[in-house]
Amino acid sequence: VTALYAGIFTLIASVTIVALALFISDRRLPVQDAAATTATIYRTRAFYFTLIVSTALITLAVTLPMIPYPVSFAGQKPDVVVNAQGQMWFWTLTPVSGARANNDKLVLPVSKLVEFDVTSKDVNHNFAIYNSAGHLIAQVQAMPGYTNRLLYRFSKPGSYYAVCLEYCGLAHHAMNSEFDVR
Ligand SMILES: [Cu+2]
């Protein structure tokens, strides 16, 4: 449904832009000397430049606070540390401190700050965390030879899934590990 709305919006916006361009190009300027024409062109250019830049800045200012990412945890000390290693085609989630594994399944505490140390053993993967409703709640790139730190505080207990979001080969879709928050 969202994709349909986006498509309709893009169609209407495109048609409006083309119609405006045709309307503007159809108007004839009165006969003027070269200097006056140049001045008119410069004025028009300055007007559209100001219009476009201010529209972009206002849109940015209005929409930026709506970005669906959690507040920054920078500078905070994590309560829990977990190693998350990607490999074709599975994740290995190993508790380092503050968490445990129950029958090989990772169990994280609720409302504690969790640090995922994310890396890859082979190619680039993307470590993404989904909740049981299928909503993406955090993600970071998993790169060979480099560790990315992803900080997240789980506010609700339940089942969560580590999923790969970077196409990494044949069984990319199967790179899906469940863990619990209690
Ligand atoms: Cu993948």
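The values are calculated or read from the model by the stated rules, or taken from the named source; none is laboratory data. Treat the numbers as computed from the prediction; the structure is a model and nothing was measured. In this analysis, Cβ positions are derived from the backbone assuming ideal geometry, glycine residues included, and neighbour counts consider all displayed protein chains. For accessibility, only protein heavy atoms count, side chains too; no ligands or nucleic acids. Shrake-Rupley method; radii C 1.70, N 1.55, O 1.52, S 1.80 Å.
So, with a 1.4 angstrom probe, what is the percent of accessible area on the chain that is carbon and sulfur?
On the way: 7980 of 12490 Å².
The nonpolar share, carbon plus sulfur, comes to 64 percent.
Hey, got a sec? Which trypsin sites (Lys or Arg not before Pro) in segment 96-164 land in a DSSP loop and have at most 13 other Cβ atoms within 10 Å? Before the final figure, lay out the partial values.
On the way: sites: ARG100, LYS105, LYS112, LYS121, ARG149, ARG153; in loops: LYS112, LYS121.
Of the trypsin sites (Lys or Arg not before Pro), the ones in loops of segment 96-164 whose Cβ has at most 13 other Cβ atoms within 10 Å are LYS121.
Short version: ³J(HN,Hα) in whole Hz for each residue of segment 133-139, in order, from phi by Karplus 6.51 cos²θ - 1.76 cosθ + 1.60 (θ = phi - 60°), x for Gly and Pro, what are they?
Coupling constants for segment 133-139: 7, x, 9, 6, 10, 6, 7 Hz.
How large is the convex hull of the Cα atoms of segment 32-101 per residue, expressed in Å³ as a whole number? Let's see the in-between values first.
Values: hull volume 13.9 nm³, N = 70.
Taking only Cα atoms, segment 32-101 has a hull volume of 199 Å³ per residue.
Given a Förster radius of 35 Å and the C-beta distance between LEU20 and LEU64 as r, what FRET efficiency does 1/(1 + (r/R0)^6) yield to the nearest 0.05?
Details: r = 27 Å, r/R0 = 0.77.
With a Förster radius of 35 Å, E is 0.80.
Excluding ligands, DNA and RNA, what is the solvent-accessible area per residue of the chain at a probe of 1.4 Å, expressed in Å²? Walk me through the numbers before you get to the answer.
Working: 12490 Å² over 182 residues.
Result: 69 Å² of accessible area for each residue.
Per DSSP helix of 4 or more residues, -39500 (n - 2.57); summed, then divided by the residues of the chain. What does that give at 222 nm, rounded to the nearest 500?
Working: 2 runs with 55 residues, N = 182.
Dividing the helical sum by the residues of the chain leaves -11000 deg cm²/dmol.
Among 43-55, 133-145, how do they line up from the highest to the lowest mean number of other beta-carbon atoms within 10 Å?
Ranking the peptides 43-55, 133-145 by packing returns 133-145, 43-55.
When N is the residue count of the chain, what does its C-alpha Rg come to as a fraction of 2.2 N^0.38 Å? List each step's numbers first, then the result.
Working: Rg = 25.6 Å, N = 182, 2.2 N^0.38 = 15.9 Å.
The chain yields a ratio of 1.61.
Among rounded, prolate and oblate, which fits segment 133-182 when a ≥ b ≥ c are the square roots of the eigenvalues of its C-alpha gyration tensor, a/c under 1.5 means rounded, and a/b larger than b/c means prolate?
Numbers: a/c = 2.43, a/b = 1.37, b/c = 1.77.
Note, shape of segment 133-182 comes out oblate.
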